[in-house]
Structure formats: structure tokens, C-alpha cells
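The next block holds one structure in the form of C-alpha cells; read it before the comments.
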Amino acid sequence: MEYARVSLPTGMTGVVFAGLIMAVLCGVCPGDVVVLKGGQQLTGDILAEKQAHLYVDIGFTVLAIPTEDVLEYEYDENAGEVQAEGPSQRTAGRLYYTGQRAKKTIEQCVDEVSQAVVKVSSPVGMGSGFFINEQGYLITNYHVIEKETRIEVTVFEKREGGFEKKSFKKVRIEAINPFVDLALLKVEGLGDTRVGFVYLGDIGKIQVGEPVFAIGNPLGLERTVTNGVISTTNRAFEGLVYIQTNADINPGNSGGPLFNLAGEVVGVTNMGYIFFGGLGFAIPADYVKHFIDNRDAFAFDRDNPNTGYRYYQPNKRRNPAAPGFLRAKKKN
């Protein structure tokens, strides 16, 4: 299929201009909606999102719209996606996908989602991560890149008969949150490399005893798959709630995804007991969504990557004497 490349808002002629008029007139028709900075609104099927262009099928042709001219876009929640059995949701400004997906076997899930899992390396260590969309945005643990700015991401691109390793050293830190141990990165300069991506699940729908599996790079052993069950959905550590699983989690798994059998990420693996098997923990997907949705609040500052903080003590009581009920107890 040939793509009609357009330069907006000027330079639209012939078939492309007619296509845009038809798309605008069909604004009431179901489909994905793209709003341009010039105020025009297009309705069609968004086929792909690349760094430079947004590809939209408007029926008789496919438009390659420069992303710099796109104000916002929204997927039709009533339309099915190729990679989802149910409605796929990714509203304008949101970096990740959600959707109702049918359960499969572990083998089928691994074949479908393993391409989205990457290795994240820095001068002091190595961990895992996973792409949340096709534009190169990925999630990993904060402690995997802590105090580092030279980051390398190794992508495993599926080829006939196996995977091809590609390393990218141009990686931008978008946001970090040390308190929940999460980091949002973006791989730049992907070029023709097609990356897989995963859907984020709903922690409220998983159950104790439900099968799960993890993909990561424990001890540098790339693309290792381990499986188990959900041991509990609300294990508390230092004021945060974690998913506990008996799937093996080892050094190098940090930042990798924990999947359910629908191939949805229900958690981000971040810690486990080295000398005790079957005690692994993952950050719930709901924390991940909140972190991504509020990424502006956690935006990385290159000039001060580890901003200091201090807790202020509350104001002292104006009356230093013991409260009345304590004085009454002493008299008795």
C-alpha cells in the first residue's frame, strides 16, 4: 500500500485534499479521531504511530501526517485492534494501551509479547524493561538506572528463525520516581526497527492463585521466562502495596514485566529474596499507570537528576503541658 505523505496545514492538493474533506465530513462516523493543530478533525483507522508520522487510513488512501502537526488523537473504543481481542483504549496524550484480551497458553503469550521486553544497561549494572508503545517509550525500575545518564537498551527484534539483537545508546530519561522505583525512558533513533509493545492490565481483576509469568534478563541470561502464580495481591512494604508471586525473580529481572495469561502486564518485577525461592515481588500496574499519566510531575532534570528532599517536622504544641485526659489519669 502506498502512503500519501502530506504537509500540513499547507500543500494539500488533489486526492489528498479531497480525502481530508471526506474525513472531516465523516467526523460523525465511527473510527479513530485525529485533531490537527490547525483545527481540522480527521476520522479513520490509525494504522501506526511513528516518531515522525502518524499513519491514518481514511478509506481509499492512507495519510502520513507529520506528528508535529497533530494536536491530539483518540482511538475508537468500540473498534477492535489487531493485537487485542476486545476494545483497545489509548486516549490522546496517553502513552500506554489497555484492552480486554483473551487468555492463552504461556507459550502463545510468550510468542506474542517477548519482543516487547528489552535489556537495560548502564555503566554500573543491568536490568530489564518493556515497551509500552511503538514509539520507543519503555518502563523499567528506577534503581536500574539510578544516578546514571549513559543508558543502553538492547532490543530483540523478531526475525524468521529467531531474534536479532540491536543496541541503542541514544536513550532519553523522561521521568523517574524513586519512591515507587519506576523510570520512564524513550529510545530515540529507532529508524526501521519495529518494536513490540505490551498492554497494561488492571490490578483489580487479578486473583490470588492466578497463573503469571515473567520475562527478563536474570544474571544477564537474556529473555528468560519464569512462571508461577499470584501469591497475594496486596503485600505491604514501606507504605506501598506489592504483588507477591512465586515466579522466580532474580537480579537482572528488575524492571521487567510480570504478565497474566492474557499477555497483559500486571506488575513490574523489582525485588525478591536471594536465598529463598518463591518470594518475588512486583509493582502493581496501577502504580505504573499513575506514574505515566503524571509523568510531568516526575520529569527528569538532567542538571539535578537526584533532587534532595527533607521532611519538615510539624509545629510543636503551643501548650507544653500534658493533655487533660492524661493529667486526669495521673490523679487517679
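Residue by residue through region 198-209, note down the ones that are assigned to a loop (DSSP other than H, G, I, E, B), touching a residue at least 24 places away in the same chain (Cβ under 8 Å) and not β-branched (Val, Ile, Thr). Listed by number, the residues that qualify are GLY201, ASP202, GLN207. Taken over region 270-295, the criterion of being in a helix (DSSP H, G or I), among the hydrophobic types (A, V, I, L, M, F, W, C) and farther than 14 Å from ILE176 by Cβ is satisfied by ALA285 alone. Within region 256-285, residues that are under 16 Å from GLY209 (Cα atoms) have Cβ atoms under 6 Å from residues that are among the hydroxyl-bearing types (Ser, Thr, Tyr) and part of a strand (DSSP E or B) in these pairs: LEU258/THR269; GLY280/THR245; PHE281/TYR242; ALA282/THR269, counting only partners at least 6 apart in sequence or on another chain.
Is it true that ALA79 is modelled with pLDDT under 80 and at negative phi?
It is true that ALA79 is modelled with pLDDT under 80 and at negative phi.
Take LYS166 and tell me if it is surrounded by 13 or more Cβ atoms within 10 Å (Cβ to Cβ) and either over 27 Å from VAL266 (Cβ atoms) or touching a His at 6+ places or on another chain (Cβ under 8 Å) (or both). Against the criterion (surrounded by 13 or more Cβ atoms within 10 Å (Cβ to Cβ) and either over 27 Å from VAL266 (Cβ atoms) or touching a His at 6+ places or on another chain (Cβ under 8 Å) (or both)), LYS166 qualifies. Residues in region 102-156 that are over 30 Å from THR67 (Cα atoms) and of a type in the set (Ser, Thr, Tyr) were compared, and the one that is surrounded by the fewest Cβ atoms within 10 Å (Cβ to Cβ) is THR105. Do we have any residue at all in region 216-229 that's β-branched (Val, Ile, Thr) and under 17 Å from the mean Cα position of the chain (by Cα)? Checked region 216-229: no residue is β-branched (Val, Ile, Thr) and under 17 Å from the mean Cα position of the chain (by Cα).
The residues of region 291-332 that are at pLDDT 75 or above and either within 30 Å of VAL241 (Cα to Cα) or in contact with a Gly (Cβ under 6 Å, 6 or more places away or on another chain) (or both), listed by number, are PHE291, ILE292, ASP293, ASN294, ARG295, ASP296, ALA297, PHE298, ALA299, PHE300, ASP301. Cβ separations smaller than 9 Å between residues 6+ apart or across chains give the following pairs from region 180-197 residues that are touching a residue at least 40 places away in the same chain (Cβ under 8 Å) to residues that are basic (Lys, Arg) and assigned to a loop (DSSP other than H, G, I, E, B): VAL187/LYS170; GLU188/LYS170; LEU190/LYS50. Of the residues THR140, THR91, THR43, the single one that is modelled with pLDDT of 95 or more, among the β-branched types (Val, Ile, Thr) and not assigned by TED's automatic domain parsing to the domain that holds GLY263 is THR140.
A quick yes/no check of all residues on (1) out of contact with any Ser or Thr (no Cβ under 6 Å at 6 or more places or on another chain); (2) modelled with pLDDT of 95 or more; (3) not polar (S, T, N, Q):
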{"site": "ASN260", "(1), (2), (3)": "yes, yes, no"}
{"site": "VAL268", "(1), (2), (3)": "yes, yes, yes"}
{"site": "ILE274", "(1), (2), (3)": "yes, no, yes"}
{"site": "GLY277", "(1), (2), (3)": "yes, no, yes"}
{"site": "GLY280", "(1), (2), (3)": "no, no, yes"}
{"site": "ILE283", "(1), (2), (3)": "yes, yes, yes"}
{"site": "LYS289", "(1), (2), (3)": "yes, yes, yes"}
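For TYR273, indicate whether it is surrounded by 19 or more Cβ atoms within 10 Å (Cβ to Cβ), under 25 Å from GLY125 (Cα atoms) and of a type in the set (Ser, Thr, Tyr). When the stated conditions are applied, TYR273 does not pass them.
In region 104-184, which strands (runs of 3 or more DSSP E) lie fully inside it and hold 1 or more residues that are polar (S, T, N, Q) and more than 16 Å from GLY252 (Cα to Cα)? Answer list for region 104-184: 162-168, 171-177.
Give the residue, chosen from PHE131, PHE179, PHE156, that is within 21 Å of TYR96 (Cβ to Cβ), outside the structural domain of ALA48 (by TED's automatic domain parsing) and touching a Gly at 6+ places or on another chain (Cβ under 8 Å). After applying the criteria, what remains is PHE131.
The values are calculated or read from the model by the stated rules, or taken from the named source; none is laboratory data. This is a predicted model, so every value here is computed, not measured. For neighbour counting, all protein chains shown are included, and Cβ atoms are generated from backbone atoms with ideal geometry for every residue, glycine included.
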